[in-house]
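A short write-up of the structure that comes next.
The values are calculated or read from the model by the stated rules, or taken from the named source; none is laboratory data. It should be emphasised that the depicted structure is a prediction, and the values quoted were computed from it without experimental measurement. Heads up, the Cβs are rebuilt from the backbone with ideal geometry, glycines too, and the neighbour counts pull from every protein chain shown.
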């Protein structure tokens, strides 16, 4: 069984601020880590491999230093890794990112199952997984809570649908995005770190793609444009209300209604 | 084609470090006497705007513009499970009508499912001009391929300029799939939407964990797509008279095949966990006896809230230990917390002071809970809570406008 896991390097902290005067992003240090939700996807892959055997490949897209998350995946037990990186991918939005990774996946070759985390902590969109599945022409299921059974040609999963839980069987090849807590991710192993320190990380650039049309990547392949960024309004209002009980209770009800809690 | 270029001749010893530092993504490098931009670049163009003058330049060439006049109307995806329409749908209809007014567009709904024809009628009471219904047995359960196919058919048929989809489990799975099929932009979890005169949709969403707001447009592609979470927009008032029409759409059944089979659907057993609660009613020592928990429970029920408490009430045994807020209990960050009869010791407030909206009712005007509350109400919970319950009950009555 060939399992591909998509991982991403994200900033180590979400404490990013924008300078309200200059409009410049202020980042504290350059600390980075693997997107925490991806750890669940990787753990799911490792559990499936333990049961059914097979090969786990991880793929990431980003600058050269994003190789670090692949090394980390090796320490957890991934077998192979590839970094999709090119200056021409700069400024990619969700659509261009999904297309780029799907081209990288095609370059890597055959697969039965692609696993993604449910979202990233820096983009927070949860959109790249489903868009990749579309580009690869395979079905997908989002928010998988549990793997119930792995069959020869399909997998049975439990998915979260807000008020209900659905059990569905999906044929390979397919893509699943897994929810947090599907399995407890293992820690990277020191032994594996030593074993894999020289393991090759495949580099994939635009030239390796089947579709080399520059217009489909990076800023040129991105339909969305960020017009501006600005700091949010912070609600620091402090109000004190006094009066008769009937006035006060009515005031509370009115405010709750205005805030859409009623 | 757009690109970022570096005028190497303008780079010198004095400005090179300034240039490298200006990039928040560390994407500018100085390698053997040349400035290189690596793959970490997000094309934020800060180096052009704020870096040394004239060094970095952004070259933009005119792109082929989409003919925006061919794309009219605002479409809303009707989010539902087995025909029960999710309320986010009505909120989006309200927003769509507001946006449509700016450019004189119609508002459409696309309703995909099985046995839903009659349910579509309800949508007409919210001011939708036309509801497009795809009613097939294959669409009974949400499965990605047939739902995407029906959605695609709707877009091709109607050519809506913008599409709004609820950021529910289904919406967050379906919208990206449709966006990729049309190679168009999709902005997740928008909190503000505005319409420009030229029909471009201005989409604003929190970025980087909510510390920054990003204003996003999709100027060269149609349809423009956004997802919006529940309770972000206002629901429109229900109209007494239904307006608009329902169109039953046909689709080639071969497009409705799927590699997914839904085997079982079960109602979720919700285990109350105050850490995940959106609304919390917290009680403290202002509550005099266990039987008074009844009025607290009643209020909580009306607000779809969970009941939590201070350590004192846990020790009294009136509230389960899992429901304790504070340093020795849980930390909560709900959208709304109402603190009733709680003095506000730091051991308690440390576990809840990052909640989005904090209401506090306390008899003592000097109680420290008022230092963290957004709305501090000086009064007796035994008088206020029963009246508040009545007020909420009265406001819940369904009415419509003519």
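Within region B:157-165, does at least one residue satisfy the condition of being within 28 Å of residue A:102 (Cα to Cα) and surrounded by fewer than 23 Cβ atoms within 10 Å (Cβ to Cβ)? Step through it out loud before you land on a result.
Within region B:157-165, the subset within 28 Å of residue A:102 (Cα to Cα) is B:159-165.
Checking the rest, the ones that are also surrounded by fewer than 23 Cβ atoms within 10 Å (Cβ to Cβ) come to B:159.
Yes, some residue in region B:157-165 is within 28 Å of residue A:102 (Cα to Cα) and surrounded by fewer than 23 Cβ atoms within 10 Å (Cβ to Cβ).
Out of (1) at pLDDT 90 or above; (2) within 12 Å of chain A (Cβ to nearest Cβ); (3) surrounded by 18 or more Cβ atoms within 10 Å (Cβ to Cβ); (4) closer than 21 Å to residue A:231 by Cα, the odd one out for residue B:192 is which?
Looking at each condition in turn, residue B:192 falls short on (3).
Which numbered condition trips up residue B:43, out of (1) buried (at least 21 other Cβ atoms within 10 Å of the Cβ); (2) within 30 Å of residue B:136 (Cα to Cα); (3) at pLDDT below 90?
(2)
Select from region B:288-324 the residues that are under 24 Å from residue A:253 (Cβ atoms) and part of a strand (DSSP E or B) and list them in ascending order.
Of everything in region B:288-324, those that are under 24 Å from residue A:253 (Cβ atoms) and part of a strand (DSSP E or B) turn out to be B:306, B:307, B:308, B:309.
Looking at A:186, A:228 in this structure, which one is in contact (Cβ under 8 Å) with a residue 40 or more places away in the chain, facing chain B (nearest Cβ under 9 Å) and over 22 Å from residue A:106 (Cα atoms)?
A:228
Can you tell me which residues in region A:76-126 are within 11 Å of chain B (Cβ to nearest Cβ) and farther than 26 Å from residue B:37 by Cβ?
A:118, A:119, A:126
Being outside any loop (DSSP other than H, G, I, E, B) and loosely packed, with under 14 Cβ neighbours inside 10 Å is the filter; apply it to region A:173-191 and report the residue that is nearest to the chain's Cα centre (by Cα).
If we take residues in region A:173-191 being outside any loop (DSSP other than H, G, I, E, B) and loosely packed, with under 14 Cβ neighbours inside 10 Å, then A:190 is nearest to the chain's Cα centre (by Cα).
What's the number of the condition residue A:248 fails, among (1) in contact with a helix residue (DSSP H, G or I) (Cβ under 9 Å, 6 or more places away or on another chain); (2) assigned to a loop (DSSP other than H, G, I, E, B)?
Among (1) in contact with a helix residue (DSSP H, G or I) (Cβ under 9 Å, 6 or more places away or on another chain); (2) assigned to a loop (DSSP other than H, G, I, E, B), residue A:248 violates only (2).
Within region B:208-227, can you find the residues that are facing another protein chain (nearest Cβ under 7 Å), buried (at least 22 other Cβ atoms within 10 Å of the Cβ) and within 12 Å of residue A:95 (Cβ to Cβ)?
Of everything in region B:208-227, just one residue is facing another protein chain (nearest Cβ under 7 Å), buried (at least 22 other Cβ atoms within 10 Å of the Cβ) and within 12 Å of residue A:95 (Cβ to Cβ), namely B:218.
When you go through (1) closer than 17 Å to residue B:148 by Cβ; (2) in a loop (DSSP other than H, G, I, E, B); (3) more than 10 Å from every other protein chain (Cβ to nearest Cβ) one by one for residue A:138, which number turns out not to apply?
(3)
With the structure loaded, tell me whether residue B:313 is closer than 15 Å to residue A:261 by Cβ and free of Cβ contacts under 8 Å to residues at least 60 places away in the same chain or whether it fails that test.
no
Of all residues in region B:190-200, which are in a strand (DSSP E or B), over 22 Å from residue A:122 (Cα atoms) and touching a helix residue (DSSP H, G or I) at 6+ places or on another chain (Cβ under 7 Å)?
B:195
Is one or more of the residues making up region B:367-382 more than 14 Å from chain A (Cβ to nearest Cβ), surrounded by 17 or more Cβ atoms within 10 Å (Cβ to Cβ) and modelled with pLDDT of 95 or more?
Within region B:367-382, the first condition is being more than 14 Å from chain A (Cβ to nearest Cβ), and the residues that meet it are none.
For region B:367-382, residues more than 14 Å from chain A (Cβ to nearest Cβ), surrounded by 17 or more Cβ atoms within 10 Å (Cβ to Cβ) and modelled with pLDDT of 95 or more: absent.
Please verify whether region A:155-170 includes one or more residues that are within 10 Å of another protein chain (Cβ to nearest Cβ) and within 16 Å of residue A:4 (Cα to Cα).
No, the conditions are met nowhere in region A:155-170.
Against the definition (within 13 Å of chain A (Cβ to nearest Cβ) and either in contact (Cβ under 8 Å) with a residue 24 or more places away in the chain or closer than 18 Å to residue A:258 by Cβ (or both)), how does residue B:325 come out, yes or no?
no
Scan region B:146-164 for residues that are within 18 Å of residue A:223 (Cα to Cα) and in contact with a strand residue (DSSP E or B) (Cβ under 6 Å, 6 or more places away or on another chain) and jot them down.
Passing the criteria: B:160, B:162, B:163, B:164.
What about residue B:231, is it in contact (Cβ under 8 Å) with a residue 60 or more places away in the chain, facing another protein chain (nearest Cβ under 7 Å) and not in a strand (DSSP E or B)?
When the stated conditions are applied, residue B:231 passes them.
Does residue B:255 satisfy the condition of being within 29 Å of residue A:133 (Cβ to Cβ) and in a helix (DSSP H, G or I)?
Here the answer is yes, as residue B:255 does meet what is asked.
Among the candidates B:255, B:243, B:267, B:322, single out the residue that is touching a helix residue (DSSP H, G or I) at 6+ places or on another chain (Cβ under 7 Å), at pLDDT below 95 and over 30 Å from residue B:217 (Cα atoms).
Answer to the selection: B:243.
Within region A:13-47, can you find the residues that are closer than 30 Å to residue A:146 by Cβ, at pLDDT 80 or above and surrounded by fewer than 21 Cβ atoms within 10 Å (Cβ to Cβ)?
A:33, A:36, A:43, A:46, A:47, listed by residue number.
Within region B:258-281, which residues are touching a residue at least 12 places away in the same chain (Cβ under 8 Å), in a loop (DSSP other than H, G, I, E, B) and in contact with a strand residue (DSSP E or B) (Cβ under 6 Å, 6 or more places away or on another chain)?
B:259, B:272, B:277 - these are the residues of region B:258-281 that are touching a residue at least 12 places away in the same chain (Cβ under 8 Å), in a loop (DSSP other than H, G, I, E, B) and in contact with a strand residue (DSSP E or B) (Cβ under 6 Å, 6 or more places away or on another chain).
Just checking, which of B:75, B:54, B:40 is away from every other protein chain (no Cβ under 12 Å), in contact with a helix residue (DSSP H, G or I) (Cβ under 8 Å, 6 or more places away or on another chain) and not in a strand (DSSP E or B)?
Step by step, each of B:75, B:54, B:40 is checked, and only B:54 is away from every other protein chain (no Cβ under 12 Å), in contact with a helix residue (DSSP H, G or I) (Cβ under 8 Å, 6 or more places away or on another chain) and not in a strand (DSSP E or B).
Give me the residue from region B:168-187 that is modelled with pLDDT of 95 or more and not in a helix (DSSP H, G or I) and, out of that set, nearest to the chain's Cα centre (by Cα).
B:187
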